[in-house]
Each structure stands twice: as structure tokens, then as C-alpha cells.
Amino acid sequence: MYRPKLTFQQLAIFSALTKSDDLKRTMIASTTVLEPGTVVTVNQEILSITDQLGSGLIGVVYKTKSLKSNQIFAYKRARAKLNFFHQVLEIEKKVSDLLSQSSILKPARILELTPNALLKEFCPEPTLLNLLLENKLTSKQKSALVEVLKEAAEIDRTYHFILDLSAKNLAWKNGWILLDSGPKSHITDFSKVLRAPTWENYFTYIQEKTLKQKISAPSVLSRKVAENKLSAKKFFFVYDWWIWLPFDEEVDPSYYYVSIDNSQKETEIIFRLDLDERLIKLAKDAPEELTTNPILQQTALAAWQKQYPEIKVSFSPINDTGFLPLSLTSKPITLATLASETSPLALAKALKTFVNKKEFLEQPTMAVNSYEHWSDLLTKKKDFLPTDIYCHIPLHSSLKWVNEFLGNTPHFVITPPKVRKDALCDLICIPSKNNERAIIFLPGFRASAKAAIPLIATLIEKGVSALFIATQIGAFNTQGQLLVTGGAWETLLLWQTVDYLVDCLGVKEIDIVAASYGSISAAIISQIYPAVKRLILDSSVVKPYDLLTYLAKVQGYVPEEILRKVKEHNLGEPFELMMPKRKGLKTLTMRPVSDRFMDVCGHLYLDQTLYYEAGHATTMRHDIEEKEIPKICLEAIFEFLAS
């Protein structure tokens with residue numbers, strides 16, 4: 001009941017990790033660190049990170065503030081989405097419940113549990129480590145600790161696990177509080193203290209191990225790294241850390257507080273390697289969308305070259321997709337730019353492993369005039385230029401109903417971490433009972449995030465359960481005007497949004513609904529990001545820059561000169577959007593029967609195409625409150641998302 005269940009292979013990987021200081025440091029360096037201000041969710045609770053409280057082998061603990069109640073909580077986040085860590089968090093909850101019945105040692109209450117995190121009671125009281133360092137420990141506190149040791153010894157005899165009674169894990173509030181109820185993972189010499197539970201024995205034990213380390217962090221960070229690399233022959237590439245871990249051939253299961261269960265799935269292992277063959281192969285339980293992803297294939301190879309440069313390995317043939325060469329479906333932005341500009345979250349961590357070239361987006365410098373309708377740009381009489389089509393300042397429209405809906409519906413508004421100041425990435429997030437699935441909505445030209453709200457409200461009414469994300473993304477020019485950018489900034493910001501949802505909000509499955517210009521980034525990200533399962537495009541365009549050249553011609557300008565000017569102002573150059581063809585990705589396109597926009601730029605045909613009688617991008621227009629979404633579109637979207 002109080003032991004994690006692991007396959008022998010999972011235990012051998014964990015054993016290797018515990019024995020190697022070098023691997024521990026690699027693990028710590030590969031762990032996502034959340035910065036203050038980052039918003040996370042734990043079931044229905046929405047929290048903002050305020051500070052890091054400490055860290056250990058299993059995870060990192062943050063101080064957080066509820067966006068609903070302003071209450072302060074401790075948020076413990078596992079270092080990776082591994083089966084072992086998931087089980088350890090579950091066991092910590094069980095031990096906490098057990099200790100709640102104790103009359104001496106009280107645990108910090110665990111309020112919520114997810115596969116990757118715990119939400120706990122925040123304890124601001126001083127720890128035993130603080131009291132010792134400040135020489136403030138009283139005889140009463142020493143006596144109380146001896147009673148805690150006696151109770152811990154009884155728990156060991158009865159339930160066969162050892163509590164972590166380190167000085168950093170005990171806080172004083174009219175008695176000792178156990179901050180982290182997770183028991184020890186392996187046999188430890190602390191059992192000697194429990195056999196003779198006195199203050200003197202306890203202090204002798206912690207003096208060497210704890211008091212030299214004045215912060216709550218893994219002990220490996222405060223000591224010289226030992227040269228203790230294992231002479232392993234088998235290695236495994238693991239999810240979330242994107243590193244190779246060896247198989248400990250000498251693992252002794254009796255040394256660990258675990259139960260061997262070889263029926264457990266090993267989905268965290270993506271690739272495997274045997275040095276006798278020196279070929280990277282697929283792991284047996286790895287999800288196909290990960291093993292066939294070219295980014296992860298490249299990452300596995302690059303990670304090996306970084307960790308073990310003296311040993312040359314290669315990929316065995318995987319399938320006809322191959323993993324070389326790796327490129328984007330379309331080219332408004334490069335992989336080097338994505339690797340350089342993104343935060344180290346989720347898939348971006350993998351991308352940064354093998355893309356070493358640094359490229360950055362330049363802020364747009366083109367000034368624009370705000371138009372009421374794109375047809376205003378079809379003549380010079382109103383002093384508009386063809387390049388004014390880049391204006392993305394939301395058009396004025398009635399938002400009375402939308403604002404009333406949001407006023408009565410729980411939601412929060414956030415920006416993903418580390419979005420540049422010259423970019424806009426506002427997310428209106430509407431949670432539901434199933435927050436492991438997210439549906440992202442990307443409106444087109446001149447539409448704010450609120451243009452997606454009527455469609456979202458209809459889907460909620462029809463019973464679709466997901467974390468709904470209405471977005472407004474774009475880049476500010478040097479004059480402070482919001483622009484669309486030909487897909488470059490949009491693709492970067494959508495990548496950052498998806499990474500954020502996966503890594504910080506715990507989303508496992510993502511659908512994207514995009515209209516008009518929003519279709520560019522949606523199609524590109526859907527092709528390369530394995531978490532995206534469904535893609536709906538309304539009024540998508542194939543050659544977006546053809547609209548610019550069309551406007552140039554009707555206004556009497558030389559198209560080549562306009563394109564050169566656009567490039568000089570950091571707004572990209574022509575490209576053709578390709579159809580996403582990733583295996584497992586479901587796609588649906590919709591378009592008006594008659595659409596001048598699409599007559600000029602073309603339409604991206606995917607698996608299914610629906611024709612409707614209405615205007616361009618009818619599902620998410622700036623004037624959505626004035627024009628109803630056609631029933632045929634609503635039914636098609638609902639059925640597709642339910643598939």
C-alpha cells in the first residue's frame with residue numbers, strides 16, 4: 001500500500017539515477033523550473049507561482065497564490081511525468097492521510113492530487129534547520145522531536161517504511177509538522193536512529209548530512225560530484241527530461257521500498273539502446289506519436305552525443321517518415337528561431353537539445369493605417385496602402401453578450417511565460433471538468449480573443465468538456481501598433497502556448513480551431529507537435545502573401561516593390577502553406593461557397609471539407625455578435641471534436 005509498483009526495468013533505471021551524482025545533476029538541469037508569475041492548475045484550483053520554497057529528488061516545491069481566493073498554498077511538482085514519480089505522489093497522499101490520525105506528528109495537509117503535482121497546506125513556520133542554524137531550538141522542541149522519532153520507529157515496524165525526518169522537512173507550530181510525507185525510497189542508515197531514538201543520535205546523524213546545506217535542495221548540489229559512472233550496456237531515452245538513463249545491471253530490489261510489477265506500462269521510455277548493437281530502437285510501450293516525431297528522434301540522437309560523446313550510435317530504420325532531414329511544413333519561421341525564442345518548456349526543451357544555431361525575430365517596423373473592412377484597401381481613394389492589411393488592431397464591435405457570458409463564467413486571463421514585450425499573446429482560459437484536454441481558438445484578421453467566445457459558449461452548451469483557450473496573438477511594431485506578421489510571430493506564440501498548456505497546466509491532448517490568418521500557425525504547429533490531435537481550419541489560406549500582391553496590383557503598385565518593402569520591415573516573404581500530414585492528426589476544413597479572400601490566396605484542403613453559405617471566417621469574426629454562426633458549421637465542429 002505504501003510502496004510504488006515498478007517494472008524491474010523501471011527500478012533499474014531509477015537505481016542508476018540514485019547511484020550517479022552526474023546523472024542526478026543532469027536530471028536536475030533537465031527539470032523545468034517555473035518562474036514567479038507562472039500560472040498553474042491543480043484540478044479546479046488556479047494558482048500563480050510566487051516563489052520557490054525548496055526541492056528534492058522527487059520534485060520542486062513552490063509557494064503559490066490562488067487566483068480565486070488569494071489563499072496561499074504549497075505546490076509540489078514532480079521533476080518529470082514519469083510513472084515512478086506519479087506513484088510516489090500518490091503514496092505521499094496515502095501517508096499523509098495515515099499520519100493525520102497521529103497524536104504527535106502532524107503532516108502538512110494535502111488538498112489536491114494530480115498525476116504530476118500535489119497541492120498542500122502552506123506552512124510558514126520555521127523549520128528545524130532554521131532553528132538549528134539560528135540557535136533557537138528549545139528543550140521542549142527537542143523532547144517533542146524524540147517523541148516523533150519513537151512514533152516514526154513504530155510506523156516503520158508496523159507499515160515498513162521510513163519517514164523523511166530531515167531537519168529541512170520538519171516545521172514547528174506547537175508541535176512538529178512534517179512538510180513532505182513522502183517516505184524514503186530506499187533503505188537508509190537513518191534506521192539506526194530509529195532503533196535508538198534520542199536527540200543525540202538524531203543530531204549526530206543530521207549534522208553531517210543536513211546542517212552543511214543551508215537551503216532545501218538535493219544534496220548532490222552541495223558536494224563535489226563523484227566520478228561514479230555506471231558501466232551499463234543498456235540505455236533508455238525518457239520522456240519530459242529528454243535524456244538517456246542507463247540500466248543498472250547490479251540493481252538489488254531488496255534495497256528499495258518498491259514492489260516489482262512487470263505488468264506496469266513503461267510509456268515514459270521512448271527509445272532504447274543496447275551498446276552491443278549501438279542502434280537506437282523504439283521502446284515497446286512508447287506512444288507512436290512520440291517515436292515517429294522527427295523532433296524527438298533528433299533530440300534522442302543529440303542527447304546521446306552530449307552525454308556520451310565517445311560512443312557513436314545511430315538510429316535503426318523506423319518507418320518511411322524518417323528523421324532526416326527535419327524541417328517545418330512551411331517556412332515563415334525556422335526551427336532555429338523557435339529554439340532560440342521559446343521558453344524551456346515541454347517540446348521546446350527537446351528542440352533546444354539539438355538546434356544550436358541562434359536566430360531571433362526582428363521587431364516589425366512597418367507603420368499601418370487602421371481600416372474598417374479589407375475592401376477599403378482595394379482603392380487609393382481612401383489613402384490606404386496595400387501593407388495596411390497587416391493591421392491587427394481589433395475592430396470595434398458589440399461585445400455586450402460576450403462580456404455578460406464571461407462575467408457569469410469562471411475564467412482566467414494569462415500570458416505564457418517569457419513572451420517578448422513586443423509580442424501579444426493573451427489567453428482567455430475557460431476551465432471545465434476535463435482540463436487534461438484543451439481546445440485552442442485562433443481568430444483571424446482584426447478579431448480579438450473574444451471573437452471565439454460565442455463558439456466556445458455553444459460547445460459548452462452542447463456538452464463538450466475541455467479547457468477552452470481563446471487567443472489573441474500578434475506582434476507590435478516600433479510604433480506600438482498590433483500587426484499580423486505573415487505567420488512567423490504567430491507560429492512562435494502558438495508554440496509557446498501549446499508548450500505552456502502541456503508543461504504548466506497538465507494538458508495531455510490539444511485540439512486547434514483556427515480561422516483565416518490564424519490557420520497559418522495552426523497548420524504548422526499541428527504538423528510537428530504530437531500533443532495536437534485535431535485541427536479545424538475555417539477559411540484557411542494557402543498563399544497568404546498573394547493577398548498583398550493582389551492589393552498592390554489593384555492599387556497600381558509594383559508587387560515586387562511592395563514585397564521588398566515588407567521584407568525590409570521584418571514582415572517576412574512569400575511562402576506556400578502545406579497540408580499537415582502527420583499520422584494520427586485528424587483534420588477538418590470549412591470555407592464559404594463564395595469567398596473573395598480565398599479566390600485570391602487559395603484554400604487548404606484537408607481530410608474533410610465543409611462548404612457553407614456565409615462570410616469569410618464565419619466562426620470567429622470580430623462582428624460575431626451581429627452575425628450568427630451557421631448551424632451547419634456548429635454541428636460539424638461539435639461532431640468533429642467528439643470524434
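Points worth noting:
- Checking each residue in region 576-599 for being open to solvent by 30 Å² or more (accessible area, probe 1.4 Å), in contact with a helix residue (DSSP H, G or I) (Cβ under 8 Å, 6 or more places away or on another chain) and at pLDDT 90 or above picks out only LYS586.
- Every pair of residues 6+ apart whose Cβ atoms lie under 6 Å, when the first sits in region 594-623 and is farther than 24 Å from GLN527 by Cα while the second is open to solvent by 30 Å² or more (accessible area, probe 1.4 Å) and polar (S, T, N, Q): HIS622/SER397; ASP623/SER397
- Region 406-454, residues that are within 16 Å of the chain's Cα centre (by Cα), at negative phi and open to solvent by 20 Å² or more (accessible area, probe 1.4 Å): THR415, PRO417, VAL419, ASN435, GLU436, ARG437
- Residues of region 24-44 classified as out of contact with any helix residue (DSSP H, G or I) (no Cβ under 8 Å at 6 or more places or on another chain), open to solvent by 40 Å² or more (accessible area, probe 1.4 Å) and either of a type in the set (A, V, I, L, M) or in contact (Cβ under 8 Å) with a residue 24 or more places away in the chain (or both), total: 6
- Test: residue in region 23-38 that is farther than 29 Å from ILE269 by Cβ and either among the β-branched types (Val, Ile, Thr) or touching a Lys or Arg at 6+ places or on another chain (Cβ under 6 Å) (or both): no
- Hits in region 228-280 (condition: more than 14 Å from PHE14 (Cα to Cα) and part of a strand (DSSP E or B)): ILE270, PHE271, ARG272, LEU273, ASP274, LEU279, ILE280
- Entry remark, region 62-72: residues being surrounded by fewer than 22 Cβ atoms within 10 Å (Cβ to Cβ) and either outside any loop (DSSP other than H, G, I, E, B) or among the aromatic types (Phe, Trp, Tyr) (or both) number 4 in total.
- ILE13 over 25 Å from VAL419 (Cα atoms), modelled with pLDDT of 90 or more and open to solvent by 30 Å² or more (accessible area, probe 1.4 Å): no
- The residue that is most open to solvent (accessible area, probe 1.4 Å), among those in region 94-117 that are free of Cβ contacts under 8 Å to residues at least 60 places away in the same chain and closer than 21 Å to SER166 by Cβ, is ARG109.
- Unmet criterion (only one of (1) among the polar types (S, T, N, Q); (2) at pLDDT below 95; (3) touching an Asp or Glu at 6+ places or on another chain (Cβ under 8 Å); (4) open to solvent by 30 Å² or more (accessible area, probe 1.4 Å)) for ASN356: (3)
- Pick from region 490-524, criterion touching a Phe, Trp or Tyr at 6+ places or on another chain (Cβ under 7 Å) and modelled with pLDDT of 95 or more, ranking: farthest from PHE468 (Cα to Cα): VAL498
- Complete set of residues in region 111-170 that are of a type in the set (Val, Ile, Thr) and part of a helix (DSSP H, G or I): VAL146, VAL148, ILE155, THR158
- Pairs linking a residue in region 509-534 that is at negative phi and free of Cβ contacts under 8 Å to residues at least 40 places away in the same chain to a residue that is of a type in the set (Ser, Thr, Tyr) and open to solvent by less than 10 Å² (accessible area, probe 1.4 Å), with Cβ atoms under 7 Å and 6 or more positions apart or on different chains, are ILE525/THR491.
- Applying the condition of being surrounded by fewer than 20 Cβ atoms within 10 Å (Cβ to Cβ) and among the aromatic types (Phe, Trp, Tyr) to region 248-270 and asking which residue is nearest to THR18 (Cα to Cα) yields TYR255.
- Of all residues in region 455-481, those satisfying the criterion of being of a type in the set (A, V, I, L, M) and either open to solvent by less than 10 Å² (accessible area, probe 1.4 Å) or within 24 Å of GLU639 (Cα to Cα) (or both) are LEU455, ILE456, ALA457, LEU459, ILE460, VAL464, ALA466, LEU467, ILE469, ALA470, ALA475.
- Only one of GLY474, GLY463 that is more than 19 Å from the chain's Cα centre (by Cα), over 20 Å from LEU535 (Cβ atoms) and in a strand (DSSP E or B): GLY474
- Some residue of region 27-39 being on the phi < 0 side of the Ramachandran plot, over 20 Å from the mean Cα position of the chain (by Cα) and either at pLDDT below 95 or assigned to a helix (DSSP H, G or I) (or both): no
- Residue match in region 540-548 (condition: in contact with a Lys or Arg (Cβ under 9 Å, 6 or more places away or on another chain) and either at positive phi or without any contact (Cβ under 8 Å) to a residue 12 or more places away in the chain (or both)): no
- Region 279-295, residues that are among the acidic types (Asp, Glu) and open to solvent by 40 Å² or more (accessible area, probe 1.4 Å): GLU288, GLU289
- LYS93 vs. criteria closer than 24 Å to ASN435 by Cα and over 21 Å from the mean Cα position of the chain (by Cα): yes
The values are calculated or read from the model by the stated rules, or taken from the named source; none is laboratory data. Owing to the predicted nature of the structure, the values given are computational and were not obtained by experimental measurement. Here Cβ is always computed from backbone atoms with ideal geometry, including for glycine, and neighbour counts include all displayed protein chains. Accessible surface is based on the protein model in full, side chains and every heavy atom, while ligands, DNA and RNA are left aside. Shrake-Rupley method; radii C 1.70, N 1.55, O 1.52, S 1.80 Å.
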